[in-house]
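Structure, as structure tokens:
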Number of protein chains: 2
Amino acid sequence: MADDAASGEERIIALFRSLATHPGAFGLMDDAAILTPPDGSDVVLKTDAIIGGVHFFADDPADAVARKALRVNLSDLAAKGAKPAGFLMSLAVARFDETWLADFARGLGEDAEAFGCPLLGGDTVATSGPTVVAISAVGLVPRGTMVMRSGARPGDAVLVTGTVGDAVLGLKLRREPAAAARWGLTPAMQRHAAARYLVPQPRNAVAEALRAFASGGMDVSDGLVGDLGKLALAAGVAAEVELERVPLSEAARAAVTAEPDLLEALVTGGDDYEILCTMAPGNVASFCAAAAAAGVAATEIGRVAAGEGTRFRRGGQPVRFAHGSYSHL
Amino acid sequence: MADDAASGEERIIALFRSLATHPGAFGLMDDAAILTPPDGSDVVLKTDAIIGGVHFFADDPADAVARKALRVNLSDLAAKGAKPAGFLMSLAVARFDETWLADFARGLGEDAEAFGCPLLGGDTVATSGPTVVAISAVGLVPRGTMVMRSGARPGDAVLVTGTVGDAVLGLKLRREPAAAARWGLTPAMQRHAAARYLVPQPRNAVAEALRAFASGGMDVSDGLVGDLGKLALAAGVAAEVELERVPLSEAARAAVTAEPDLLEALVTGGDDYEILCTMAPGNVASFCAAAAAAGVAATEIGRVAAGEGTRFRRGGQPVRFAHGSYSHL
């Protein structure tokens, strides 16, 4: 409640002002931002928060924390086929450390530019608890074209982008570095897994292809197995997946070869931020080609069927999972 | 990471599902929400978080915490002349207490209905720190009509809605109940001040009148004195206020009569959530009439002038404030 304090707040706003490149952000000089959607648009809205000690480690680099906070939301826009338009951020910081905040702002700004998603407005406060970064992302789609969870139809193919399980592998290695030797992971494999946990790679490059070819979709944030269950539930269908077809990175393949039971953790663990989608079988080749042209691999892993629930097979045998998906509560 | 945990998350979503009355919220069954603005609209976006121990007391009733979290954002929409369209919420809860959460959801739902601002989507996670409620509010205005901070012009009148200083009075009484006797406050006055701190009353009822008559505006969240300074800065003008004209409640008047120096705290303290606005003098009567018709008092308190900075007078004498405004850092 002092001028020093007020100028502290002003200094924080100044750190973030360069990110507010959208004309409707008014250089963070107004109370609210304006977005002017092209006529005939739907505005796609999503919020997700990350918390120190839950979604990231307190000693993670500040710029990586910022990138993760934005990217988990960008991933949802991607899965919905939406083009990013901008984001709002509420930042509750554990301590007022200008170096940390400057690094945070730099990482956030680089990603905002890379993904074409400028800061529209925000709010920074101090908290006595862990740092909380709550971002609301705003995207645009032509009216009526958002890719829904509920769009899957019996007979559709099930696809997933990229590779599954790297983030949970990276998290396990962070908690138990000695596991790398047991799993026979090279240093490059360890770095790959660590990076995938620290900073996800949202698949915004395939948003347009999803709108063109997918019947349904969502991002994989709580584990492939659990998220496929949510997709099937929303669409009122069943889904079957052959685990051999689930795309794994070299690191994940090496680890599963050394410890076959690890596969369950990889397909049920969270933080993949890949896209799970369904489409008519006739669209698969076109979608995969469009995704490849955008630099993203897409792999067919199963099939939608009439009925309900999910079924997984490995080596022709049904597999049941003790833990369906990651949950934060 | 267990089924019990997952069903805990599912139970929380179920608590909030009844608030997701907007068709674009898809009953919280999809990853993102859709808002379809009428063609020719601007989307107005604002985020503000409240934190236990900073913006509310940890033992405040859960429904009051929810109302405050939503209303501080509704207040910004009101000041911008925007009609609420919906909101996103990131809730980080200190403990997973279903009774607390049910009360929270009830208060939030009642306000969402009362203000016509349904829940569009959200995210609930556990935190080891204080509870954080980060809400992003979405409003709509006809294109190009948002009321800006920067709109004030020399010669404009300065007005404020409602009464100023009640929330800071309520906060002082909460910290030092004995002050009530010193200030000669009746029980009704004490309840008034306490209620104004606990649950703000955003002035969404005057949003349309603001768009019709105001040249500039913002909500008073960090104190009248400091916020007037921000408004003047954004508009590149000076502003002069006669403190005798600042509207005070009976409670605040009684307290200032008993302790005249208290006035400084009332006009620099935060949490008023009134609207500070400027308009051509010829619009004042029409605006006040429209506001009165909507049940909101509006009072002319000063004048915009050429130049920069703010000037306050009391009994004809200039007044300087040691502390300009409340800041959370």
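The values are calculated or read from the model by the stated rules, or taken from the named source; none is laboratory data. Given the structure is predicted, the values throughout are model-derived calculations rather than measurements. So basically every Cβ, Gly included, is an ideal-geometry build from the backbone, and we count neighbours across all protein chains shown. Accessible surface areas use protein heavy atoms only, side chains included; no ligands, DNA or RNA. Shrake-Rupley method; radii C 1.70, N 1.55, O 1.52, S 1.80 Å.
Some observations on this one:
- Annotation: B:Phe321 fulfils all but one of (1) within 14 Å of chain A (Cβ to nearest Cβ); (2) without any contact (Cβ under 8 Å) to a residue 60 or more places away in the chain; the unmet one is (2).
- Segment A:102-127, subset acidic (Asp, Glu) and more than 20 Å from the chain's Cα centre (by Cα), residue farthest from A:Leu28 (Cα to Cα): A:Asp103
- Close pairs from segment A:99-124: first modelled with pLDDT under 95, partner among the charged types (D, E, K, R) and part of a helix (DSSP H, G or I), Cβ under 8 Å, at least 6 apart: A:Thr124/A:Glu9
- Answer from A:Phe96, A:Phe115 - the residue that is of a type in the set (Phe, Trp, Tyr) and over 29 Å from A:Phe287 (Cβ atoms): A:Phe96
Residues are listed down the side, and each one gets a yes or a no for (1) open to solvent by 40 Å² or more (accessible area, probe 1.4 Å); (2) of a type outside the set (Asp, Glu); (3) assigned to a strand (DSSP E or B); (4) at the interface with chain A (Cβ under 7 Å from one of its Cβ atoms):
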{"position": "B:Arg95", "(1), (2), (3), (4)": "yes, yes, no, no"}
{"position": "B:Ala105", "(1), (2), (3), (4)": "no, yes, no, no"}
{"position": "B:Gly109", "(1), (2), (3), (4)": "no, yes, no, no"}
{"position": "B:Ala112", "(1), (2), (3), (4)": "no, yes, no, no"}
{"position": "B:Cys117", "(1), (2), (3), (4)": "no, yes, no, no"}
{"position": "B:Gly122", "(1), (2), (3), (4)": "yes, yes, yes, yes"}
{"position": "B:Val125", "(1), (2), (3), (4)": "no, yes, yes, yes"}
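- Meets criteria (closer than 28 Å to B:Gly155 by Cβ and among the basic types (Lys, Arg)) for B:Arg245: yes
- Qualifying residue in segment A:159-176 (condition: buried (at least 24 other Cβ atoms within 10 Å of the Cβ), of a type outside the set (Ser, Thr, Tyr) and within 11 Å of chain B (Cβ to nearest Cβ)): yes
- Check on A:Ala137, aliphatic (A, V, I, L, M), touching a Gly at 6+ places or on another chain (Cβ under 9 Å) and open to solvent by 10 Å² or more (accessible area, probe 1.4 Å): no
- The residue of segment A:296-318 that is nearest to the other protein chains (Cβ to nearest Cβ), among those that are modelled with pLDDT of 95 or more and not in a strand (DSSP E or B), is A:Glu308.
- Apart from one condition, A:Gly151 fits all of (1) under 30 Å from A:Ala238 (Cβ atoms); (2) within 9 Å of chain B (Cβ to nearest Cβ); the exception is (2).
- Condition check for A:Leu70: crowded, with 24+ Cβ neighbours inside 10 Å, more than 7 Å from chain B (Cβ to nearest Cβ), assigned to a helix (DSSP H, G or I) and modelled with pLDDT of 95 or more: yes
- Lone qualifier among B:Gly86, B:Gly81 - being assigned to a loop (DSSP other than H, G, I, E, B), within 21 Å of the chain's Cα centre (by Cα) and modelled with pLDDT of 95 or more: B:Gly81
- Single match in B:Ala25, B:Ala33 (criterion: in contact (Cβ under 8 Å) with a residue 24 or more places away in the chain, open to solvent by less than 20 Å² (accessible area, probe 1.4 Å), at the interface with chain A (Cβ under 10 Å from one of its Cβ atoms) and out of contact with any Lys or Arg (no Cβ under 8 Å at 6 or more places or on another chain)): B:Ala25
- Of the residues screened, A:Ala180 is one that is out of contact with any strand residue (DSSP E or B) (no Cβ under 6 Å at 6 or more places or on another chain), surrounded by fewer than 24 Cβ atoms within 10 Å (Cβ to Cβ), at pLDDT 95 or above and assigned to a helix (DSSP H, G or I).
- Residues considered: A:Asp42, A:Asp63. Of these, the only one that is closer than 20 Å to A:Val125 by Cα and either open to solvent by 10 Å² or more (accessible area, probe 1.4 Å) or of a type outside the set (S, T, N, Q) (or both) is A:Asp63.
- Any hit, segment A:220-229, residues being more than 24 Å from A:Gln317 (Cα to Cα), in contact with a strand residue (DSSP E or B) (Cβ under 9 Å, 6 or more places away or on another chain), open to solvent by 20 Å² or more (accessible area, probe 1.4 Å) and within 14 Å of chain B (Cβ to nearest Cβ): yes
- Which numbered condition A:Val54 misses (of (1) within 9 Å of chain B (Cβ to nearest Cβ); (2) free of Cβ contacts under 8 Å to residues at least 40 places away in the same chain; (3) out of contact with any Leu (no Cβ under 9 Å at 6 or more places or on another chain); (4) farther than 30 Å from B:Leu171 by Cα): (2)
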